[in-house]
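Here is the structure we will look at.
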Amino acid sequence: MTATVEQPIAVATGVVVRPWRAVLLRIEGQWTWYRRHWTASLLSSGLQPVLFLAAMGIGFGSQVRPGPLTGGEPYLAYVAPTILVSGLITIAVAEAGLPVLSGFKWKQDYWAVASSPVTPGQLFTAELLWITLRLVLGAALYLVVTALVGGWTSPGALLVAPIAILTGAACATPVMAFAATTKGDGHAFAAVNRFVVMPMTLFAGTFFPVDRLPEVVRPLAWISPLWHGNELARGVALGGLRLWPALGHVAVLLGLLAFGLVLGRRCFRRRLVV
Amino acid sequence: MGSEVSSAVGEPVISSSGLVKRFADFEAVRGIDFQVRRGEAFGFLGPNGAGKSSTMRMVSCMSPRTGGDLRVLGMDPDTHGPAIRARIGLVPQEDNLDRELTVRQNLHVYGRYFGLTRKQVRAKAVELIEFARLTDRADHEVEPLSGGMKRRLTIARALVNDPEVLLLDEPTTGLDPQARHLLWEKLFALKQRGVTLIITTHYMDEAEQLCDRLVVMDAGKIVDEGSPAELIARHVTREVLELRFSPGDQHNAVDAVLDLADRVEVLPDRLLLYTADGDKAAACAHDRGVRPTSTLVRRSTLEDVFLRLTGRTLVD
């Protein structure tokens, strides 16, 4: 009846993928990027805990005699588990800060993802898992190097990696949420490093026990996620971890992770869907 | 008969009524009604801040509406965002390519988000790289490409899912004339393939070249709607006579030419006479002793309509 029959009709080939597949596809995209740029990335993040181990565990540690404070262990064995926890937090916070802000602001690839069927919540989950995968890589490298220099004294050391990875991921989530709400150029991340990560690294039980701190500042160490991770990691590596405190530490870390997940997903959505 | 097909061709792919977008205390879109039919090229024209991009973002399901109704491909963007996005393509105002990946990788990665298999994206990438005339650069990183090349890649990327509707937000802003014409050619080819095009632009020549139908927006509202020819016929005369003067002198000539045109517009250095016959008006003005420094008779364009409807005040 009409003259428009000749006109072809476009039929789209795109479909909505299932949530977990969407997450995996985004990770696949990140992997494509990583394959091109892995050297710089590995040097800046993966090697950092190893350098700390060399300087503090081996170099400085050669001047420390085993004593009651180190549980009678050599200083290298005393700090090997905690340096991993603290190192992974540093990597996690760094990856969750400027790179995430860049996804919104400079690289802007998050906007491209948001215009596909992948949702902001799925994007958040994928970015978190991607950071976690980088932590796994850093931890694996560290585990091997530390074994080679004799930093592990018991098979419990194998549990140090999952604890450190959990602590790192838990710290990444609130920082990702913060990055998603940052409108400026991200100078705030330098402050996060200076006033949160750095003091935490120095005073939350990584290099010496928290009970050496003046009584008034000890609570500051106790509320830091690093202290909970350190207690667990040192406990499994050197022994002496009791059940209830251990469950408490795990609960704190899981709680932080869950809190950050909910907050982060919401912040991603609020930034991308306006 | 083909009646099924024909009904599909003319059906609305997008329809809105009373559509509103409010940001805190600012109302960007203030109750607009429009329909876009399948297979047509539809334009949103308007100055900066008219609400074009806000409308586009609502249609592409990246921005929830504050009020009114909106249907895209028969679905509600509030509840079916991913399903709609799976079937449309979006070319944003600013290119958001991954500049650290190659041309081909950009297409591969993005195509996968639409559920395409690796085999499908590989084949599609070859086709789109050719479409975007980037064959020589297929395996180069995006960063050093020219603005026109990046723009073509952004458009190619938006086509990775063979979208039924392609939304282009100021597709040629910042491109040189060669790049613009090449893009227009590509968009025309898409239209021939049955893709519905929705374009925002403040380039009038672009709207005249590409759009079957358009709406002119100003301050969040639609001020008129029609084909470019209809809008010109409705709001301006067939021709415009431009009389140019040394700045200031033009005021002296206004009285002498007032009855020679349907409308006379006084600009800082010239008079615009909207008239059916520019040459005749120019001769009459000369007979009456009007001596401009130069005269120009031209066809009315959509630009004249645009300025008539949205004013000459600078909006930022």
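Residue B:189 - would you say it is within 14 Å of another protein chain (Cβ to nearest Cβ), surrounded by fewer than 23 Cβ atoms within 10 Å (Cβ to Cβ) and not in a loop (DSSP other than H, G, I, E, B)? When the stated conditions are applied, residue B:189 passes them.
Residue-by-condition table, conditions (1) open to solvent by less than 40 Å² (accessible area, probe 1.4 Å); (2) within 11 Å of chain A (Cβ to nearest Cβ); (3) at pLDDT below 90:
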{"position": "B:5", "(1), (2), (3)": "no, yes, yes"}
{"position": "B:16", "(1), (2), (3)": "yes, no, no"}
{"position": "B:19", "(1), (2), (3)": "yes, no, no"}
{"position": "B:26", "(1), (2), (3)": "no, no, no"}
{"position": "B:30", "(1), (2), (3)": "no, no, no"}
{"position": "B:59", "(1), (2), (3)": "yes, no, no"}
{"position": "B:62", "(1), (2), (3)": "yes, yes, no"}
{"position": "B:78", "(1), (2), (3)": "no, yes, no"}
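The residue of segment B:80-107 that is surrounded by the most Cβ atoms within 10 Å (Cβ to Cβ), among those that are at the interface with another protein chain (Cβ under 7 Å from one of its Cβ atoms) and assigned to a helix (DSSP H, G or I), is B:85. State yes or no: is residue B:175 open to solvent by less than 50 Å² (accessible area, probe 1.4 Å) and within 14 Å of chain A (Cβ to nearest Cβ)? Here the answer is no, as residue B:175 does not meet what is asked.
What's the total number of residues in segment B:38-54 that are within 14 Å of chain A (Cβ to nearest Cβ) and either within 16 Å of the chain's Cα centre (by Cα) or crowded, with 24+ Cβ neighbours inside 10 Å (or both)? Final tally of qualifying residues: 5. Taken over segment A:223-270, the criterion of being open to solvent by 70 Å² or more (accessible area, probe 1.4 Å), touching a residue at least 24 places away in the same chain (Cβ under 8 Å) and over 29 Å from residue A:23 (Cα atoms) is satisfied by A:231, A:240. Within segment B:109-120, the only residue that satisfies the criterion of being within 29 Å of the chain's Cα centre (by Cα) and more than 7 Å from every other protein chain (Cβ to nearest Cβ) is B:111.
Which one is nearest to the other protein chains (Cβ to nearest Cβ), of the residues in segment B:64-76 that are closer than 23 Å to residue B:115 by Cα and aliphatic (A, V, I, L, M)?
Among residues in segment B:64-76 that are closer than 23 Å to residue B:115 by Cα and aliphatic (A, V, I, L, M), the one nearest to the other protein chains (Cβ to nearest Cβ) is B:73.
Looking only at segment A:228-274, count every residue that is outside any helix (DSSP H, G or I) and in contact with a Pro (Cβ under 7 Å, 6 or more places away or on another chain) and tell me the total. Count: 1.
Conditions tested, residue by residue: (1) free of Cβ contacts under 8 Å to residues at least 24 places away in the same chain; (2) over 22 Å from the mean Cα position of the chain (by Cα); (3) surrounded by 15 or more Cβ atoms within 10 Å (Cβ to Cβ); (4) under 30 Å from residue B:113 (Cα atoms).
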site	(1), (2), (3), (4)
A:38	yes, no, no, yes
A:61	yes, yes, yes, no
A:68	yes, yes, no, no
A:81	no, no, yes, no
A:114	no, yes, yes, yes
A:121	no, no, yes, yes
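The values are calculated or read from the model by the stated rules, or taken from the named source; none is laboratory data. Remember, it's a predicted structure, so these values are computed and weren't measured experimentally. A quick note on method: Cβ atoms are made from the backbone with ideal geometry, for glycine too, and the neighbour counts reach across all protein chains shown. To get the accessible areas, we keep the full protein, side chains included, count just its heavy atoms, and leave off ligands, DNA and RNA. Shrake-Rupley method; radii C 1.70, N 1.55, O 1.52, S 1.80 Å.
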